[in-house]
């Protein structure tokens with residue numbers, strides 16, 4: 001199913017999501033991503049190295065977008081960023097003063113029966129025990145050239161979950177019935193979602209083997225300091241990268257795609 005015909009009713013929900021501190025109550029809203037643009041006219045993606053949550057913008061009056069090669073000369077990456085930033089200017093006009101921007105490019109071979117990224121329903125932008133008081137919710141622009149991400153519009157209840165005791169992905173994913181319809185954009189369509197959007201990477205079918213390219217631009221007030229994130233040689237992060245020692249209930253989903261190809265500059 002496509003969400004393009006009903007996207008406008010969800011934009012207001014996303015706008016309210018990103019303007020308030022992260023709150024479990026927001027998961028109870030019906031939501032889907034909204035379309036930003038379409039990159040299909042650019043054709044097939046070139047070969048790109050993968051990077052994970054690479055810092056490309058720091059808030060501040062003297063900051064600017066810092067994009068290393070080969071991303072800085074790739075037409076898909078440049079168009080993706082330009083369109084996302086243009087949309088962000090309308091969504092949050094003052095984002096340059098408050099938000100970091102992180103780029104993920106993940107280009108890998110998908111095999112039938114497997115997934116490129118996390119298969120189970122999950123969300124991006126969890127704020128655990130380290131974030132008190134809570135920060136405004138993160139939000140992400142995403143695109144893939146095929147096997148588009150699947151999204152659930154079912155409201156779920158997170159109000160009774162404890163960030164130190166529960167696996168939020170499992171708990172919230174279990175509230176979505178197996179037969180509940182999933183929504184997808186088309187290949188090469190850039191969409192915007194918030195931290196409350198449940199989504200998953202689709203399982204590849206028998207004829208789906210091949211390379212898949214996924215890109216994400218994450219706008220967040222969090223300092224993404226997880227060890228293993230890609231360090232931008234043009235913008236080294238002013239913080240130490242550390243192991244993410246999360247409580248047992250907050251570990252990654254059981255069905256998680258491996259990440260072993262992030263570029264080392």
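Read-outs throughout are calculated quantities, based only on the coordinates presented, and are distinct from any laboratory measurement. Computed from a predicted structure; not experimentally measured. Counting neighbours? That spans all protein chains shown, and the Cβs are built from the backbone with ideal geometry, glycine included.
Below, the figures for the structure above:
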| item | result |
| --- | --- |
| Candidates 230, 213, 159: whichever shows maximal mean-square fluctuation once the chain is modelled as a Gaussian network with Cα springs under 10 Å | 159 |
| Convex hull per residue volume in Å³, alpha carbons only, for segment 42-109 | 94 Å³ |
| Value of Rg to Rh for segment 4-250 (Rh from inverse mean 1/r over Cα pairs, i.e. Kirkwood) | 0.93 |
| Stretch gain in nm, segment residue 132-residue 44, where the contour uses 0.36 nm per residue and the Cα spacing is subtracted | 27.3 nm |
| Helical mean residue ellipticity (222 nm; -39500 (n - 2.57) per DSSP H run of 4+; nearest 500) of the chain | -4000 deg cm²/dmol |
| Added length on full extension, which subtracts the Cα-Cα distance from 0.36 nm per residue, residue 73 to residue 186 | 38.2 nm |
| Relative contact order [Cα under 8 Å, 6+ residues apart], segment 152-241, whole percent | 26 percent |
| Segment 4-250, relative contact order in percent, only Cα pairs under 8 angstrom and at least six apart counted | 33 percent |
| Rounded if a/c under 1.5, otherwise prolate or oblate - segment 70-190, Cα gyration tensor axes | oblate |
| Neighbour-count ranking [beta-carbon atoms within 10 angstrom, fewest first] of 36, 242 | 242, 36 |
| Packing-based exposure ordering (other Cβ within 10 Å, fewest first) of 85, 14 | 85, 14 |
| Which of 8, 80 has the fewest Cβ neighbours within 10 Å, and the rest in rising order | 8, 80 |
